[in-house]
Amino acid sequence: MTAPVSKLDGPRMTPGSGGAPKQLVVFLHGYGADGNDLMSLGQHWRSLLPNAAFVSPHAHEPCAGNPFGGRQWFDLTMADPQERWRGVERAGPALNAYIDEELAAYGLGDEALALVGFSQGTMMALHIGLRRAKKIAAIVGFSGMLVEPNRLKADIKSRPPVLLVHGDRDEVIPVQALQQARTALAEAGVAVESHVSPGLTHGIDGDGLDIGGRFLAKAFKG
């Protein structure tokens, strides 16, 4: 079967060093946002990752919950685990095609790739990052979850290091999702680190940003 051609696109940021990229960080935004939402993370991490290019695709579907240009990787009510599974499965091929195209454009391999997600974007990052045939450098997930963790052992193809960050006051995806994901990842042989930010709701704080940046820098050094 021919691989799907990606129709995804979004903002890009060149390496702070001014040279050719040696790493690629792909940001995956949350439900109702778009690719612009996470690009400020690239600005924050540029000094830590001077040789990394940052890209942030807009999800392929318009978001019914945000009629003002928001996007979604899939429809999300949070009520039905099977709905989330069908969603990540449908969205995965186009996102993988986009990633393959971006890596090829920069002349990079999977070992130079990191996926960084927020909320629904974390669901996508964990789903595809652990199922790519070649091991990527790292996955960082903010305020998200692992979709259908009981399927991971059968599906996993590679085991990149994972960092999960969550607020203990998250009202959208409760912090218990972090522990559930951490347990499933560890049982599948994935090296996983985590951080819980006290008082944080559904978002990313300064501590999470700093921890995430250092985690990526260490992962890229190998």
ask   = Hey, any hits in the range 173-180 for a residue that's within 20 Å of Leu38 (Cα to Cα) and in contact (Cβ under 8 Å) with a residue 40 or more places away in the chain?
value = yes
ask   = Somewhere in the range 22-41, is a residue under 21 Å from Ala219 (Cβ atoms), touching a residue at least 24 places away in the same chain (Cβ under 8 Å) and polar (S, T, N, Q)?
value = yes
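Condition check ((1) among the aliphatic types (A, V, I, L, M); (2) assigned to a loop (DSSP other than H, G, I, E, B); (3) in contact (Cβ under 8 Å) with a residue 40 or more places away in the chain; (4) crowded, with 23+ Cβ neighbours inside 10 Å) across all residues:
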site: Ala114; (1), (2), (3), (4): yes, no, yes, yes
site: Lys134; (1), (2), (3), (4): no, yes, no, no
site: Val140; (1), (2), (3), (4): yes, no, yes, yes
site: Arg151; (1), (2), (3), (4): no, no, yes, no
site: His166; (1), (2), (3), (4): no, no, no, yes
site: Arg169; (1), (2), (3), (4): no, yes, no, no
Residue hits (the range 70-92; in contact (Cβ under 8 Å) with a residue 24 or more places away in the chain, farther than 11 Å from Gly35 by Cα and assigned to a loop (DSSP other than H, G, I, E, B)) are Trp73, Phe74, Leu76, Met78
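Read the figures in this text as sums done on the coordinates, not as results from a lab. Fair warning: this is a prediction, and the values are worked out from it, not measured in the lab. Backbone-built Cβ (ideal geometry, glycine too); neighbour counts: all protein chains shown.
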